Amino acid sequence: MRPQAVLREATRDVSTGTSKFLLYFLVYLALLGLLTAHEVTSVSASIDSAQKFQQAGANVRIVSSAGRVDGAACVALADNYDVSAAAVRQLPGQFRAATMRSVPLPQYVATPSIEGVLGVKRRDAGDGVRGSRVPGGTGGAVGAHGESDTGVFVGSQVLDQFGEGLRMLAGDPEELTIAGVYPYPDDGRTPGYGFAVVIPEPTSSEPYDECWVKSWPELPEVNGLLHSVVIPSEKSDAASPDLSQLNTTLGRTFDGAAMFNNRMSRFDTYVALLTGATIGFFAVRSRRLELASALHAGVGRGSLTFTQLLQQCVWIALASGVTFAATAVFASYYPDDAGSLLGIAARVIGLGAVGALAGVVGAAVTIRERALFVYFKQRE
């Protein structure tokens, strides 16, 4: 058969319903969509767990040793490793607002990189927040660090108490300008920082109390790095540095690779391959009497196989396209990982299509002209 004749035959069978295009499209779409959704949602669940782990601050490690943390060495970790690191020191004074004098705000000074470690959200002048002031307060220790020039960071619990529009805290001798707010809910994080003031300052030669390191993926040697920033004590009975995790409620570590490798959907690509092969084979094999008759009438094996490929490619391509489009919509909710999710889906869809085409070819080449009488006896 000439190529034009093969194309006409394939088009005629699809348009007249002889190839049962709609039936196989719906069946294949349902099964392929189910397998793709299972795989993509399993991977997205791992992504959600990773994001939740980071949002909870579980990937922040802290070494604590009062007055023995080298601030410059701590900050240098960010230059030598792919981490965020900041040194923190608590101030002796506490800020007291006139409206809540019985609940003072602890004050900390920290290197400027604390902004990245805590995930501070800057409050720019153009953000539309007009805010209020909390007058009255005492706390000369805050004013002594000149924070009104650069602004301070406050925990989200401060705004829970004073209002979301808060932009200034009046103190003695000067006001505190709130330059940013960091999320610090009561979700198991180390207490003391949610309702507090953090004052960023240039790295000082004065020792700090803590070094915070935020890494992702987490460095296996992070504990050793934290120990390296502690200044050795001259006292033999000095307390050992304390290593801790900002939030332990989600576990000590997050093994994303193990979660991905052990996911229940890891075999879905192969199931898609077998599913596609089964449907493709049955789509052609169910017409064995008609196709054997065509062979008996003189249609060549190659033309017959090519005709079936053209016919079955219609429902294979449409189902694959619909499934991929639906996955793209779902992946749009994960902008940072959309490419990975689409790649995972493409693997399932691609192997499903390969299996379906293989099934079509396999069925077409196994139909025999000499079995025409047998096929006739087997007809429904």
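Checked against (1) of a type in the set (A, V, I, L, M); (2) modelled with pLDDT under 90; (3) over 15 Å from Phe195 (Cα atoms), Ala86 passes all but condition (2). Summed over the range 236-274, residues that are open to solvent by less than 30 Å² (accessible area, probe 1.4 Å) and either of a type in the set (Asp, Glu) or under 20 Å from Gly362 (Cβ atoms) (or both) total 3. Per this entry, Thr203 is not counted among residues that are open to solvent by 40 Å² or more (accessible area, probe 1.4 Å) and modelled with pLDDT under 70.
Going by what's in this entry, would Val14 be described as within 32 Å of the chain's Cα centre (by Cα), of a type outside the set (Ser, Thr, Tyr) and either modelled with pLDDT under 95 or over 30 Å from Thr307 (Cβ atoms) (or both)? Judged against the criteria, Val14 is not a match. Taking the stated definitions as given, is Ala56 within 30 Å of Phe324 (Cβ to Cβ) and open to solvent by less than 20 Å² (accessible area, probe 1.4 Å)? No; evaluated as a whole, the condition is false for this residue. Scanning the range 104-125 for residues that are of a type in the set (Gly, Ala, Ser) and over 16 Å from Glu206 (Cβ atoms) yields Ser113, Gly116, Gly119, Ala125.
Within the range 304-322, one or more residues are aliphatic (A, V, I, L, M), modelled with pLDDT under 80 and either more than 43 Å from the chain's Cα centre (by Cα) or open to solvent by 40 Å² or more (accessible area, probe 1.4 Å) (or both). Comparison of Trp212, Trp216 shows that the only residue that is surrounded by 14 or more Cβ atoms within 10 Å (Cβ to Cβ) and modelled with pLDDT of 95 or more is Trp212.
Which residue is modelled with the lowest pLDDT, if the candidates are limited to the range 17-47 and must be over 28 Å from Leu341 (Cα atoms) and open to solvent by 80 Å² or more (accessible area, probe 1.4 Å)?
Step one: filter the range 17-47 for residues over 28 Å from Leu341 (Cα atoms), giving 17-23.
Filter once more, keeping what is open to solvent by 80 Å² or more (accessible area, probe 1.4 Å): 20, 22-23.
Values: Lys20: 81, Leu22: 89, Leu23: 92.
Restricting to residues being over 28 Å from Leu341 (Cα atoms) and open to solvent by 80 Å² or more (accessible area, probe 1.4 Å), the top hit is Lys20.
Residues that are open to solvent by less than 50 Å² (accessible area, probe 1.4 Å), touching a helix residue (DSSP H, G or I) at 6+ places or on another chain (Cβ under 6 Å) and modelled with pLDDT of 95 or more are absent from the range 64-74. Evaluation of Ala346 against the conditions (1) open to solvent by 40 Å² or more (accessible area, probe 1.4 Å); (2) closer than 22 Å to Ser265 by Cβ; (3) touching a Gly at 6+ places or on another chain (Cβ under 7 Å); (4) among the aliphatic types (A, V, I, L, M) shows that the sole unmet condition is (3).
The values are calculated or read from the model by the stated rules, or taken from the named source; none is laboratory data. Values in this document were obtained by computation on a predicted structure and should not be read as measured data. Cβ sites come from the backbone with ideal geometry, for glycine too, and all protein chains shown count toward neighbours. Please note that ligands, DNA and RNA were not included when accessible areas were found on the heavy atoms of the full protein model with its side chains. Shrake-Rupley method; radii C 1.70, N 1.55, O 1.52, S 1.80 Å.
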